[in-house]
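Student: Encoded as structure tokens, here's the structure I'll be asking about.
Readers should treat all values here as calculations from the given coordinates under stated rules, not as data from a laboratory. These figures come from a predicted structure and were not determined experimentally. Methodologically, a virtual Cβ is constructed for each residue, glycine included, from the backbone with ideal geometry; neighbour enumeration extends over all protein chains shown.
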Amino acid sequence: MCLGIPGRIVAIVDAAAGLATVDVSGVRRTVDVQCVAEPGGTPDQLVGRWVLVHVGFALSIIDEEEARATLEVLAAIGEAEVEIAAIRASIEPSPAPSVAP
Amino acid sequence: MTSVTDPAASAGSGDPTAPFHDRDTGRRLIGRIAGQLDRLGADADRPVRLMEVCGGHTHAIFRHGLAGVLPAGVEFLHGPGCPVCVLPMGRIDDCIAIAGDPRVIFTTFGDAMRVPGSRKTLLQAKADGADIRMVYSPLDALELARRHPDREVVFFGLGFETTMPATALTVLRAEREGIANFSLFCNHITIVPTIRAVLDSPGMTVDGFIGPGHVSMIIGLRPYRFIAERYRRPLVVAGFEPLDVLQAVSMLLEQIARGAAAVANQYARIVPEDGNPAALEAIAAVFELREFFEWRGLGSIDRSGVRVRERYARFDAERRFAVQGVTVVDPTACQCGEVLKGVLKPWQCKLFGTACTPETPVGALMVSSEGACAAYRQYGGLRGAA
Ligand code: SF4
């Protein structure tokens, strides 16, 4: 809940609503990206960026190399699995393609 | 769990992309810390005492056995920064009362499911038939509200400033979309008054603070200045990887050696000086400070919690449901408060490992993996691992 996990923004779901698809070690879900949008920028600029995701919200942009390294460490100590399992089991918010709860 | 270097094996020693978990760097840092402690004349009898405020750091310190690889001249005190650990029993009782309403789908982060209330946990209440569901995100709770317009979906919001933006933005989203059957049971707390309570507590022996990484990502560095200016203690905001923590320790010792007290940032790759403006804006829009808030083990701390502003009253579970807000005193033998303030070590609590175990927790510090007592039970036993 407090640790968060790095993921990569792969698509914008709804620019106006500030929702994007984030890939966390192969698991995808819709994440709120309002807090990492450049003021005055468009959400498209976020595609490809790595972010730190806390409970479904991207709260910080991270450098790509650093993100990968963090994931490796989290994976090595088993920390990532817990977070990824939680994301996998989570409820996909509409309007993204929905997954049965 | 012998050393800080285990995780580096897969990251690859010397890998330029892994500057925060490199094996050699770890060794060098430990060597530097040993030298710093020597120069300070610190040893097992007169250790430098550093408090990690955040439960994430407590977890990292135990998980990687950091205290075990460092010289005895540095001692970690585990602070009150695990939001699950400081939930008072009365609040869990309130959750169970709200969840008892047959219209309600009560949603919570998994972390809170096993925290004891005065009679049962949320997990037990669920087994007894209440509709309580674990969610990953408050957005999932909002989605449940969309899918079940005939039910009342309540989200149990807890955590420091790290999770506050998520719930604030979810309330704003509910308002924008006109979702009327969603509400927030707000139990968010703020970090600064908590650190102040530690600093003001009798028997306070903290020489320096390892500052919370992800809270700071939101609030920035400025809110900590009073710790340096008024209490003359250094604080270094740190990341959660082993080398982050070691580097922060070294940065603190460096300040202590110079007699300096400043706020510094070891975690600049994630933590901006000024925090996250969009997140702070959402927090300010939705929440206001409460006059006081009740903590488990610490009692009531002034202006340490937030509530939903009048403007968003229709999304406030406290206003929509008759929440009693009863205060339940902690069991007298429970010494969570002393442990949270760093005055006692987990194993010095009379209940530790006897009446209070991870299977039958008395205090919340035994529940969360970020709680000092649970971490000590799980990874303890190493010299100095406390
Ligand atoms: S052992 Fe149990 S009761 Fe004692 S401080 Fe730890 S959590 Fe609290």
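Student: What ³J(HN,Hα) values, in whole Hz, does the Karplus curve 6.51 cos²θ - 1.76 cosθ + 1.60 give for the range B:246-253 when θ = phi - 60°, with x put for Gly and Pro?
Tutor: Per residue, the Karplus-derived 3J(HN,Hα) values read 4, 5, 4, 4, 4, 5, 5, 5 Hz.
Student: Please give the helix B:191-200 orientation as an angle from the longest Cα principal axis of chain B, in degrees from 0 to 90, rounded to the nearest 10.
Tutor: Relative to chain B, helix B:191-200 is tipped by roughly 60 degrees.
Student: Next question, about the same structure. Tilt of helix B:164-177 relative to the longest C-alpha principal axis of chain B, in degrees (0 to 90, nearest 10)?
Tutor: So the helix axis and the longest Cα principal axis differ by about 30 degrees.
Student: Rounded to the nearest 500, what is chain B's calculated 222 nm mean residue ellipticity when only DSSP H runs of at least 4 contribute -39500 (n - 2.57) each, over all residues?
Tutor: Helix-only estimate at 222 nm: -10500 deg cm²/dmol.
Student: Taking the Cα centre of the protein assembly as shown as the origin and placing charges on Cβ (Lys, Arg +1; Asp, Glu -1), which of B:V171, B:I61, A:G48 is farthest toward the positive end of the dipole?
Tutor: Checking the options against the dipole of the protein assembly as shown, the answer is B:I61.
Student: Measure nothing fancy, just the Cα-based angle from helix B:23-40's long axis to the longest principal axis of chain B, in degrees from 0 to 90, nearest 10.
Tutor: Orientation of helix B:23-40: about 70 degrees from the principal axis.
Student: Something else: Based on Cβ point charges of +1 for Lys and Arg and -1 for Asp and Glu, what charge dipole magnitude is obtained for the range B:224-338 about its Cα centre, in debye rounded to the nearest 20?
Tutor: So the magnitude is around 220 debye.
Student: While we're looking at this one, here's another question. Before anything else, pin down the relative contact order of chain B: Cα pairs under 8 Å, at least 6 apart, normalised by residue count, whole percent.
Tutor: It rounds to 22 percent for chain B.
Student: Write down the percent of antiparallel bridges among all DSSP beta bridges whose residues are both part of chain B, to the nearest 5.
Tutor: 20 percent
Student: To the nearest 20 debye, what charge dipole does chain B have about its Cα centre, counting +1 at the Cβ of each Lys and Arg and -1 at the Cβ of each Asp and Glu?
Tutor: 280 debye
Student: With both partners inside the protein assembly as shown, how many of the DSSP beta bridges are antiparallel, as a percent to the nearest 5?
Tutor: Just about 45 percent of them are antiparallel.
Student: Isolated Cys in chain B by the 4.7 Å beta carbon test?
Tutor: B:C54, B:C95, B:C186, B:C334, B:C336, B:C349, B:C356, B:C373
Student: Do any trypsin sites (Lys or Arg not before Pro) in the range B:95-159 lie in a DSSP loop with no more than 14 other beta carbon atoms within 10 Å, and if so, which?
Tutor: B:R103, B:R119
Student: Further question on the same structure: Using a 10 Å cut-off around each Cβ of peptide A:55-65, what is the average number of partner chain Cβ atoms that fall inside?
Tutor: The per-residue average across the peptide is 6.
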